[in-house]
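Reviewing the structure listed below.
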Amino acid sequence: MLEIRDLHLAMRSFEGEAHVLNGISLSVARGEVWGLVGETGCGKSLTGLSVSRLVAQPPGRYLRGQVIFDGQDVLSMPGAALRALRGRRIGMIFQDPTTNLNPAFRVASQMIDVALHAGAPNRRAARDGAIRMLDRVGIVDAAKRVDDYPHQFSGGMRQRVLIAMALLGRPDLLVADEPTTALDVSVQAQILRLLHDLVQQDGLGVLLITHNLGVVAQICSHVAVMYAGNVVETGPVRAIFRTPCHPYTRALLEALPGAGAARGALRSLAGQVPNLFTPPPGCRFAPRCPRATPECEAGTPPLAELAPAHRVACLHPHA
Ligand SMILES: Nc1ncnc2c1ncn2[C@@H]1O[C@H](COP(=O)(O)OP(=O)(O)O)[C@@H](O)[C@H]1O
Ligand SMILES: [Mg+2]
């Protein structure tokens, strides 16, 4: 359904142009829940935004690659086709204002707009659809609550409203950027369970962006680990948690407080994430990697399949 092919993105800022995505490849099929993980600044959000062509150009500039959704390249399709995709085929939950709640308007008016865009025949039907969806995501007394303003909901309830909005168009793919990061651990677990149930019922594909491997362990079927603009390892969650092959993935898992810990945010490794304005030659992890050899500086290692569906971009992977 979604296939990101060798995506390269540069971002311009006052310091110059940084090569922030350095050949991202990733595919999501219906029914798969992909976790996209990595430390802050590695390019997760820009990858997620690229799926709906939401990276502003400038400062962004795509150097190479494609984002194929159902056979069409999102990055080159006409604006009208793109708008038809957003909210209908692809649901989005991001922290940015375009996909978030506007504090100035009642939830009803925001959801009605989305439902009309998604094909509801009139305002009445749009409102009814919004109420049904709020009910489905666990908002008690939805027919009344729909007329509240966003600030009248708790953080967890607002997140449920956002999920309801993203699902109004019955999308085939849901892209959610850190949907539970701001929440308490117990509320976070509730929201993850809700997402899991909805995804199971509707069979949609999900790209879940998180810096938290514990979140991945809870609801993802697959995971893609990113480091400094590269996908370094991808595959089924169980395979990667059991046999992490990339030295970076291994370091991340070792940093988790106890196997399968639910709150394990990524801890920093020795050394620093490279400066993306002057990235190291070859593998961007090599300067921090205990297994690096001079060959690692020769070029970015390709993602190679080590076991069925388990791919690793490393010249010296763990077995
Ligand atoms: N609007 C922007 N202008 C310039 N650089 C940006 C912009 N947005 C993000 N970046 C840079 O791109 C890199 C990846 O950012 P992002 O995708 O937000 O990372 P993540 O979501 O993994 O924390 C970071 O180094 C960040 O500083
Ligand atoms: Mg981010």
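The values are calculated or read from the model by the stated rules, or taken from the named source; none is laboratory data. Worth saying up front: this structure is predicted, and the values here are computed from it rather than measured. Cβ: placed from backbone, ideal geometry, glycine included. Neighbour counts: every protein chain shown.
Which pairs have Cβ atoms under 8 Å, sit 6 or more apart or on different chains, and link a residue in the stretch 29-47 that is more than 18 Å from ILE93 (Cβ to Cβ) to one that is part of a loop (DSSP other than H, G, I, E, B) and within 11 Å of ligand 2 (Cβ to nearest atom)?
So the pair list comes out as GLY38/HIS211; GLU39/HIS211; THR40/HIS211.
On the basis of being within 16 Å of ligand 2 (Cβ to nearest atom) and among the β-branched types (Val, Ile, Thr), does ILE191 make the cut? Write out each step before concluding.
Numbers: within 16 Å of ligand 2 (Cβ to nearest atom): no; among the β-branched types (Val, Ile, Thr): yes.
Answer is no for this residue.
Of all residues in the stretch 14-63, which are in a loop (DSSP other than H, G, I, E, B) and either under 24 Å from ASP197 (Cα atoms) or not assigned by TED's automatic domain parsing to the domain that holds VAL206 (or both)? Outline the logic, then answer.
Residues of the stretch 14-63 in a loop (DSSP other than H, G, I, E, B): 14-15, 29-32, 38-43, 51-59.
Passing the criteria: ALA29, ARG30, GLY31, GLU32, VAL51.
Considering only the stretch 37-60, state which residues are under 18 Å from PRO279 (Cα atoms), more than 9 Å from ligand 2 (Cβ to nearest atom) and at pLDDT 95 or above.
First, pick out the residues of the stretch 37-60 that are under 18 Å from PRO279 (Cα atoms): 38-44, 46, 60.
Narrowing further to those that are more than 9 Å from ligand 2 (Cβ to nearest atom): 38-39, 60.
Answer for the stretch 37-60, where residues must be under 18 Å from PRO279 (Cα atoms), more than 9 Å from ligand 2 (Cβ to nearest atom) and at pLDDT 95 or above: just GLY60.
Of all residues being within 17 Å of PRO244 (Cβ to Cβ) and without any contact (Cβ under 8 Å) to a residue 40 or more places away in the chain in the stretch 293-319, which is surrounded by the fewest Cβ atoms within 10 Å (Cβ to Cβ)? Just the residue, please. Can you show your working first?
To start, the set of residues in the stretch 293-319 that are within 17 Å of PRO244 (Cβ to Cβ) comprises 301, 303-319.
Restricting the remaining residues to those that are without any contact (Cβ under 8 Å) to a residue 40 or more places away in the chain gives 301, 304-305, 308, 315.
Details: PRO301: 21, ALA304: 13, GLU305: 11, PRO308: 8, LEU315: 19.
Looking at residues that are within 17 Å of PRO244 (Cβ to Cβ) and without any contact (Cβ under 8 Å) to a residue 40 or more places away in the chain, I get PRO308.
Each row is one residue, and each column tells you yes or no for (1) more than 15 Å from the chain's Cα centre (by Cα); (2) over 19 Å from PHE285 (Cβ atoms); (3) within 13 Å of ligand 1 (Cβ to nearest atom).
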{"site": "MET11", "(1), (2), (3)": "yes, yes, yes"}
{"site": "GLU15", "(1), (2), (3)": "yes, yes, yes"}
{"site": "LEU21", "(1), (2), (3)": "no, no, yes"}
{"site": "ILE24", "(1), (2), (3)": "no, no, yes"}
{"site": "SER27", "(1), (2), (3)": "no, yes, no"}
{"site": "CYS42", "(1), (2), (3)": "no, no, yes"}
{"site": "SER45", "(1), (2), (3)": "no, yes, yes"}
{"site": "LEU49", "(1), (2), (3)": "no, yes, yes"}
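When ARG86 is evaluated against the numbered criteria (1) surrounded by 20 or more Cβ atoms within 10 Å (Cβ to Cβ); (2) within 30 Å of PRO247 (Cβ to Cβ); (3) away from ligand 1 (no atom under 16 Å from the Cβ), which criterion, by number, is the only one it fails?
Condition (2) is where ARG86 drops out.
Just one of the numbered conditions (1) free of Cβ contacts under 8 Å to residues at least 24 places away in the same chain; (2) over 25 Å from HIS211 (Cβ atoms) is not true of ARG61; which one?
Failed condition: (1).
Mind checking which helices (runs of 4 or more DSSP H) fall wholly inside the stretch 188-259 and carry at least 1 residues that are within 16 Å of ligand 1 (Cβ to nearest atom) and buried (at least 20 other Cβ atoms within 10 Å of the Cβ)? Working first, answer last.
On the way: elements: 213-219, 237-242, 247-254.
The helices (runs of 4 or more DSSP H) meeting that bar are 213-219, 247-254.
Looking at (1) within 16 Å of ligand 2 (Cβ to nearest atom); (2) touching a Pro at 6+ places or on another chain (Cβ under 8 Å), which is the one condition that is false for ARG158?
Result: ARG158 fails condition (1) only.
Which residues, counting only those in the stretch 196-217, are closer than 18 Å to ARG88 by Cα and more than 16 Å from ligand 2 (Cβ to nearest atom)?
Across the stretch 196-217, the qualifying residues are LEU198, VAL199, GLN201, ASP202, GLY203, LEU204, GLY205, VAL206.
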